[in-house]
1. Calculate, in nm to one decimal, what residue 226 and residue 39 gain on full extension: separation in residues at 0.36 nm each, minus their alpha carbon distance.
2. Compute the acute angle (0 to 90°) between the alpha-carbon long axis of helix 49-58 and the principal axis of greatest extent of the alpha-carbon atoms of the chain; round to the nearest 10°.
3. With charges set only on the Cβ (+1 for Lys and Arg, -1 for Asp and Glu), what does the dipole of region 1-122 come to about its Cα centre, in debye to the nearest 20?
4. Which of the listed residues, 102, 259, 78, is farthest toward the dipole's positive end in the chain, when Lys, Arg count +1 and Asp, Glu count -1 at the beta-carbon?
5. Would you mind checking the pairs 132/159; 159/215; 55/100; 209/249; 159/209; 100/194 and listing those with alpha carbons more than 18 angstrom apart?
6. Taking R0 as 25 Å, what's the FRET efficiency between residue 7 and residue 156 from their Cβ-Cβ distance, rounded to 0.05?
7. Top mean-square fluctuation among 98, 107, 255, Gaussian network model of the chain, C-alpha springs under 10 Å?
8. Can you tell me how the chain classifies by the Cα gyration tensor, rounded, prolate or oblate, using a/c under 1.5 as the rounded cut?
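Rule-based calculations on the coordinates, nothing more; no lab input. Note that the structure is a prediction, hence the values are computed from the model and not measured. Heads up, the Cβs are rebuilt from the backbone with ideal geometry, glycines too, and the neighbour counts pull from every protein chain shown.
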Amino acid sequence: MEGAAARRVHIITDSASDLAAGEFPDVSVVPLSISFGNDSFEDGVNLTHRQFYEKLVESDELPRTSQATPFAFTQVLAEKLGQPGEGGTDEAVIITLSAKLSGTYDSALAAAEPWGARVHVVDSTNVTVGEKALVAYAIRLVEQGMCASEVAAELNRVKGRIRLVALLDTLEYLQKGGRISKTVAIAGGMLSIKPVISIQDGLVVMLGKARGSKKGNNLLIQQVQNAGGIDFSLPFFLGYTGLGDELIKKYIEDSRAVWEEGVDEVRYSTVGGTIGTHVGPGAIALAFFARG
């Protein structure tokens, strides 16, 4: 039992989980790449969230995002676990953004293979604050003394309870990315249409459209109610895209009844380039575990 006591479980994720600087100091973050024209950046390494949105509003073309590489995951695993075959006892759990949205999950699987049963890879089937909620829960499980296989099994058991809903400020970036037609985007802008999207079964889906931010906020509140409410005993997070936080502050105020029963203070952080590329600035997102 002496070896088991010395064993440590490391949590590794990718930059699409949008962990704020210093939020979870013990978690290792492997960056995705974001390219503006011929200039390529590592998300969160040499491109902060603020720098990303400054470039986004100045750019005529939509940036491109690229998956985290197997090599990047291998580097982190070697640093935390030592080289494969060295006989170490530490373990790791890698949590990635949805495998249906990125090849990052496959990169993590390829990197993990040489370490065998010491490394477990979990597809969060989510992104941004939804992925972050699963990372935060994983940290809690490690603190409770679970081994890597137990943590991975529990994450796979509960990840379907995570709900991510987001209110977009504009249809422009969905149009630029080919998700909707230019005609629909122009009409939506004239009518002040605010789409509400979600992640379901690992994919982005449209839940509805509201005219104006107030009705959009009401639609988000309705989605919380449809899920049976927030389980405040588990992690939940709010995030926003863009350079200003005015919209999310208004949403928190409009939704006060949702929070009052569960928490004294509602915190939020920025959403980075992986999802920001596709939704643009001015979006707000909420991720929570639905009551089971």
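1. Gain in length upon complete extension: 63.0 nm.
2. 40
3. 280
4. The residue sitting farthest along the positive end of the dipole is 259.
5. Pairs exceeding 18 Å: 159/215; 55/100; 209/249; 159/209; 100/194.
6. In this case the efficiency is close to 0.75.
7. Most flexible of the set in this elastic network: 255.
8. Oblate, because a/c is 1.5 or more while a/b does not exceed b/c.
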